[in-house]
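Colleague: One structure, pasted below without further comment.
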């Protein structure tokens, strides 16, 4: 992630936290003195974040964190919000919480913030994007959840995340990829560039076919673009009407109009075929015969 993007995301997080502070001061909440403060909480009173954008946690990285915490402790408090009674929900820092559970720690340092579901989802997304921990599909799912669950437009989402609207639209298109392509992107078998190129292929089965060729032949993004372009050009050429067929279609239409009946003509490449002139009554048959004889 570029430095400019990190700064934009950082501004987004600070803006969210600032808005929370302003709301609390305005409401004079009875528990205001307990909000936005750091303290220790029993780990059994903390539960995972249902809005967590990350779906998969790297086991190796988690083990490294366990080792670090066992040596130095939890340096950065886990951000949580109070639900009810003595239950708290993680806003950010789920890996630290998981590592602490593995170490069987009884208490962990937390930073308590009051946040509604929308704010919590936004903060979780922003925090994860800033740490570059999410794969492209997880980011796409998170964007879609913000749009669906928080009723945000693309423009509003762009403003809140500090990202260009086109960038958000590109990520959302990834959700239309075939499951096999999404899986390959999540596991880094293909790049985001490959995924965007495959996103231009409408048929799901064709996306899967091209994915196989990318993985088998280790195709670059540019090579993939060329492959799809060349294949599409050949398919278009093969599907273009044969001049002979076009002439036959024109003749069929002229005969149908002249005889007053829908003429059917079929033939093979050698020119052998049949012509059918359907009729629905003796009178219609006589009309067709007269039209042919007069001609």
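The values are calculated or read from the model by the stated rules, or taken from the named source; none is laboratory data. Everything quoted here is computed from the prediction, not taken from an experiment. With ideal geometry, Cβ positions are generated from the backbone for all residues, glycine too; neighbour counts draw on all protein chains shown.
Colleague: Select, from 163, 107, the only residue that is more than 26 Å from residue 223 (Cα to Cα), surrounded by fewer than 20 Cβ atoms within 10 Å (Cβ to Cβ) and touching a strand residue (DSSP E or B) at 6+ places or on another chain (Cβ under 7 Å).
Modeller: So the residue among 163, 107 that is more than 26 Å from residue 223 (Cα to Cα), surrounded by fewer than 20 Cβ atoms within 10 Å (Cβ to Cβ) and touching a strand residue (DSSP E or B) at 6+ places or on another chain (Cβ under 7 Å) is 107.
Colleague: So residue 150 fits all but one of (1) farther than 25 Å from residue 58 by Cα; (2) surrounded by 15 or more Cβ atoms within 10 Å (Cβ to Cβ); (3) at pLDDT below 80; (4) out of contact with any helix residue (DSSP H, G or I) (no Cβ under 6 Å at 6 or more places or on another chain); what number is the exception?
Modeller: Checking residue 150 against (1) farther than 25 Å from residue 58 by Cα; (2) surrounded by 15 or more Cβ atoms within 10 Å (Cβ to Cβ); (3) at pLDDT below 80; (4) out of contact with any helix residue (DSSP H, G or I) (no Cβ under 6 Å at 6 or more places or on another chain), the one that fails is (4).
Colleague: What's the number of the only condition in (1) modelled with pLDDT of 85 or more; (2) under 19 Å from residue 134 (Cα atoms); (3) surrounded by 12 or more Cβ atoms within 10 Å (Cβ to Cβ); (4) touching a strand residue (DSSP E or B) at 6+ places or on another chain (Cβ under 8 Å) that residue 99 fails to meet?
Modeller: Status for residue 99: all satisfied but (4).
Colleague: Shifting gears a bit: Does segment 132-161 hold any residues that are farther than 20 Å from residue 115 by Cα and assigned to a loop (DSSP other than H, G, I, E, B), and which are they?
Modeller: Within segment 132-161, 132, 133, 134, 135, 153 meet the criteria.
Colleague: Which condition number in (1) modelled with pLDDT under 75; (2) surrounded by 10 or more Cβ atoms within 10 Å (Cβ to Cβ); (3) assigned to a helix (DSSP H, G or I) is the one that residue 261 fails?
Modeller: Looking at each condition in turn, residue 261 falls short on (3).
Colleague: Kindly indicate whether any position in segment 48-71 is over 26 Å from residue 135 (Cα atoms) and surrounded by fewer than 16 Cβ atoms within 10 Å (Cβ to Cβ).
Modeller: Within segment 48-71, one or more residues are over 26 Å from residue 135 (Cα atoms) and surrounded by fewer than 16 Cβ atoms within 10 Å (Cβ to Cβ).
Colleague: Let me ask another. Enumerate the strands (runs of 3 or more DSSP E) found wholly within segment 50-115, keeping only those where 1 or more residues are under 30 Å from residue 183 (Cβ atoms).
Modeller: 87-92
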